[in-house]
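Just so it is clear, none of the values below were taken in a lab; they were calculated from the coordinates. Quantities reported herein were computed from a predicted structural model and do not represent experimental measurements. Here the Cβ is made from the backbone with ideal geometry for all residues, glycine too, and neighbour counts use every protein chain on show.
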Amino acid sequence: MLYSMYEMNRLAMTPWRAAANATRRMMRASWNPMGDTVAGRTMAAAADLFESVTRRYGKPEWMLDAVDINGHLVPVREEVVWSQPWCDLLHFRRDPAALEAARGPGQDRKILFVAPMSGHYATLLRGTVETFLADAEVYITDWQDARMVSLAEGRFDLDDFVDYVRKMISVIGPDVHVVAVCQPGPPTLAAIALMAEDDDPCRPASMTFMGSPIDTRKSPTVPNKLAEEKPFDWFAKNLIHTVPAPNPGALRRVYPGFLQLAGFMNMNLDRHVDAHWNFYNHLVEGDGDNAEKHRAFYDEYLAVMDLSEEFYLQTIKDVFQEHKLARGEQMHHGRRVDPSKIKDVALLTVEGERDDISGIGQTQAAHTLCSGLSDNLQKDWIQPAVGHYGVFNGRRFREHIAPMMREFMDEAGGRALKMRKN
């Protein structure tokens, strides 16, 4: 019922959004003398703000058409190299001829970014991908919106997530460096642990976990406390809803993206209100640069996807309430997951000093679980003065975290690959 009410409200706002768009265009038309007045700019700004806060934001584009390498623009093309109903594996393929002309012949490291399946699209990692495109073959998991997946495609739970990650690692090959950002930390660690125990020849060279809830008992944050304070049945009764027609996933039970977004917004509501007020003032003042920065951020931040009922509830129970992986009790299709079996996959953990989603120590817990790794295959990094998103995006990520990751992948990852050959 809630999902249907949300859709009805969105449709009811359509004529109002159309009116706002018409007002905005009229007030900014070159022929309208009122457009250069304070009153005209105020009307246009109010219409712009109204339209932006009532719109449904679709899946963003990657907009990574080229990368600058040594002063040469190398074309980049998105290529789906593996596809299943719930995920596409994207490869950002750089033009081979242009790449060789830019930096000569050679083979770059391969990196698989396991994007979060926690409400936002994989494009949230656009800046992360762009940072590594100059010197790496970059792949990323592009998870599907549950609202768009037909019931005929079946269920998708946490065990399926583990299976998908393992298959995608195998598609890329044994020398890949896997980077799990936030939510996928536990299932990615589980996938690699199973590969290690099976002596899978395609297990990766290194694994990096960034702001991941490996063990949420350490430095619990507001979302962690909420997950533990509420009984499991509360999540099932209050947060799971049915996708209405005419969506492709009609009748599928999901955790709606708009509820996840509401939770994100309420955590820092004052900051978001101030940001929109500043956006309005920038428009009135004619400050196009700052207004565009606001649009770019919120076009991404407000684009959300639904999660399948079984995936969301199993994640709440196994990761945030019962801490199964951290306790050594995680099961995958009836088989216990044992990270101590990992002997030759280098491990890097990255945390942010001001992270209010995954507290300090939650990601570091991976080192305790991976007790079979030698010290020269492990590294922990805490980045000062960054919050959750600063762990994988922004200036400090580009200047401090990314260079450290490259060095770790080449050195520790290289040592791991040599161990297998010996």
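Annotations
- Efficiency of FRET from Cβ geometry, S340 and R25, R₀ 41 Å, rounded to 0.05: 0.10
- Residues of type lysines that K293 reaches as a straight line, Cα spacing below 30 Å, ignoring anything fewer than 8 places off in the same chain: K59
- In terms of distances greater than 18 angstrom between alpha carbons, the cross-link table entries K167/K317; K225/K379; K317/K341; K343/K418; K110/K167 yield K167/K317; K225/K379; K317/K341.
- The HN-Hα couplings worked out from phi for segment 61-77 by the Karplus form 6.51 cos²θ - 1.76 cosθ + 1.60 (θ = phi - 60°) are 7, 6, 6, 10, 7, 7, 10, 8, 10, 6, x, 9, 7, 9, x, 10, 10 Hz, whole numbers, x standing for Gly and Pro.
- Ordered by the number of other Cβ atoms lying within 10 Å of each residue's own Cβ, fewest first, S30, S219 fall into the sequence S30, S219.
- Dividing the summed helix terms, -39500 (n - 2.57) for each DSSP H run of n ≥ 4, by the number of residues in the chain produces a 222 nm estimate of -13000 deg cm²/dmol to the nearest 500.
- Translational diffusion coefficient (Stokes-Einstein; Kirkwood radius from C-alpha pairs) of segment 152-232 at 10 °C, 1.306 mPa s, in µm²/s: 113 µm²/s
- Within the chain, no whole DSSP H helix has Cα atoms reaching 27 Å or more along its own axis together with a mean Kyte-Doolittle score of at least 0.5.
- Segment 156-300 - Rg over Rh from alpha carbon coordinates, Kirkwood radius: 1.07
- Least to most buried among V254, V304, V53 (fewest other Cβ within 10 Å first): V53, V304, V254
- Between K293 and K237, the FRET efficiency from the beta-carbon distance, with R0 = 30 Å, is close to 0.15.
- Look at the alpha carbon pairs under 8 Å that are at least 6 residues apart: their mean separation over the length of segment 221-275 gives a relative contact order of 20 percent.
- Within segment 265-422, the proportion of Cα pairs with more than 24 Å between them is 55 percent.
- Relative contact order [Cα under 8 Å, 6+ residues apart], segment 1-145, whole percent: 19 percent
- Spin-label pair V171/A39, simplified geometry with 7 Å Cα→Cβ offset, distance in nm: 5.9 nm
- Here the label points at A250 and H72, each 7 Å from Cα along the C-beta direction, are separated by 5.2 nm in the simple model.
- FRET efficiency for T14 and N422, using Cβ-Cβ distance with R0 set to 45 Å, rounded to 0.05: 0.10
- Once the Cα-Cα distance is subtracted from the 0.36 nm per residue extended length, the N278 to R396 segment shows a gain of 40.0 nm.
- Convex hull volume of segment 1-144 per residue (C-alpha atoms, cubic angstrom): 170 Å³
- Cα→Cβ-extended label distance, 7 Å offset, between T54 and D380, nm: 5.1 nm
- Hits among aspartates and glutamates - C-alpha to C-alpha of K230 under 14 Å, sequence gap 8 or more where chains match: E322
- For the chain, alpha-carbon Rg and Dmax in angstrom: 22.8, 77
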